[in-house]
Amino acid sequence: MGTKDNQGKAWDSVTRSPEAMKMMAEGLRRSSLEGDMTQSPIVQEVMRNLGPQRTVLDIGAGVGRFAAPLAEAGCRVIALEPSLEMQGYLQRTVDSRQLSDRVRIVHEAWPTKSEYQAEVALAAFVIQFSEDPVQFVRAMEQSASIRCILGVHVDPMFNFASDLWAAFHPNQDPPRMPILADLYPKLLAQGIAANVEIVTEQHGPRLSDKGTAFNILANRLQITDDETSLQRLRIMWQAHGEVWMKPRPMRTAILSWKPDSASK
Ligand SMILES: C[S@@+](CC[C@H](N)C(=O)[O-])C[C@H]1O[C@@H](n2cnc3c(N)ncnc32)[C@H](O)[C@@H]1O
């Protein structure tokens, strides 16, 4: 059975395949083209908390959804991205928007061995991949002189996959993405009482390619090696695939707090 402690690990193991990364990158890229990202509540929260140097550490920068508009607004951004697949997208964003003088791309996972310093440390939709969220935020506090900002999901993504899980693994809990309800108590237990802003956005797989979507779902359900289960999923997919692929309103939380190190 899944436990709270292995929750992050279990989630991580189903999201790390190159195909899953590609799907995530395509979804993020599309989302970054959907509106004026300078108006995004996360960018606004970073901008409100900048100091005179206008420096930002963007942990798990993805395709540069936040790093790019922040750099265009005059910030100097260290963009940390451990996935090579994702880093290719990030590099293309930086090159096409001519931001290489303001965005430094670093190929490392958080927490890093090297020390990075910035006024604001941002980790948007990344902490759910961490095996140790407390270590993750403590390291953010060490790096940020003014503000730590986390974007986290309030509603789990791919909830339908958790419902489907029981059809294939009736005696096992589904891998579950850590969400606000899991993370906030851990922060509180550390003495971190972060401000919380809840925003609702149209969110979803945003998949243009049904074949990739099916493969990702099969991967998430851990049935890729089982032809009988795959066949069952194909039948379910024919009936429900369209609905599963539709973006839906999802709540996200922006957690923002002054790092402990800033008050010393
Ligand atoms: C859902 S994406 C979010 C990307 C970006 N922050 C955004 O919101 O557009 C998660 C990103 O975190 C990265 N990631 C996962 N674990 C990480 C870690 N330990 N340190 C840094 N980045 C990580 C993944 O490679 C992926 O690019």
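One residue stands out in the range 254-264 among those that are out of contact with any strand residue (DSSP E or B) (no Cβ under 6 Å at 6 or more places or on another chain) and not in a helix (DSSP H, G or I): the one that is farthest from residue 44 (Cα to Cα), namely 264.
Could you grab me the full set of residues in the range 127-172 that are part of a loop (DSSP other than H, G, I, E, B), touching a helix residue (DSSP H, G or I) at 6+ places or on another chain (Cβ under 6 Å) and over 30 Å from residue 239 (Cα atoms)? Step through it out loud before you land on a result.
Of the range 127-172, the ones part of a loop (DSSP other than H, G, I, E, B) are 130-132, 154-158, 169-172.
Among the residues that remain, those that are also touching a helix residue (DSSP H, G or I) at 6+ places or on another chain (Cβ under 6 Å) are: 130-131, 154.
Passing the criteria: 130, 131.
Looking at residue 182, is it farther than 22 Å from residue 255 by Cα and among the acidic types (Asp, Glu)?
Numbers: farther than 22 Å from residue 255 by Cα: no; among the acidic types (Asp, Glu): yes.
So residue 182 fails the test.
Looking across 77, 46, one residue alone is out of contact with any Phe, Trp or Tyr (no Cβ under 8 Å at 6 or more places or on another chain), under 26 Å from residue 198 (Cβ atoms) and within 13 Å of the ligand (Cβ to nearest atom). It is 77.
Count of the range 98-114 residues, restricted to those that are in contact (Cβ under 8 Å) with a residue 24 or more places away in the chain and within 15 Å of the ligand (Cβ to nearest atom), is 10.
Counting only residues that are small (Gly, Ala, Ser) and either in a strand (DSSP E or B) or farther than 30 Å from residue 258 by Cα (or both), the range 173-183 holds 0 of them. Going through the range 72-126 one residue at a time, which ones are more than 18 Å from the chain's Cα centre (by Cα) and of a type in the set (D, E, K, R)? Selection gives 72, 76, 92, 95, 97, 101, 102, 104, 113, 115, 119.
When residue 144 is tested against the conditions (1) surrounded by 17 or more Cβ atoms within 10 Å (Cβ to Cβ); (2) under 19 Å from the mean Cα position of the chain (by Cα), the lone failure is (2). Just one of the listed residues (163, 182) is free of Cβ contacts under 8 Å to residues at least 24 places away in the same chain, more than 16 Å from the ligand (Cβ to nearest atom) and of a type in the set (D, E, K, R), and it is 163.
Tell me which residues, restricted to the range 233-253, are in a strand (DSSP E or B) and either among the β-branched types (Val, Ile, Thr) or free of Cβ contacts under 8 Å to residues at least 40 places away in the same chain (or both).
Step one: of the range 233-253, the residues in a strand (DSSP E or B) are 248-253.
If the condition is that a residue be in a strand (DSSP E or B) and either among the β-branched types (Val, Ile, Thr) or free of Cβ contacts under 8 Å to residues at least 40 places away in the same chain (or both), then 252 is the only one that fits.
We did not get these values from a lab; they are worked out from the coordinates using the rules stated. Values in this document were obtained by computation on a predicted structure and should not be read as measured data. Reconstructed Cβ throughout: ideal geometry from the backbone, glycine too, with neighbour counts over all protein chains shown.
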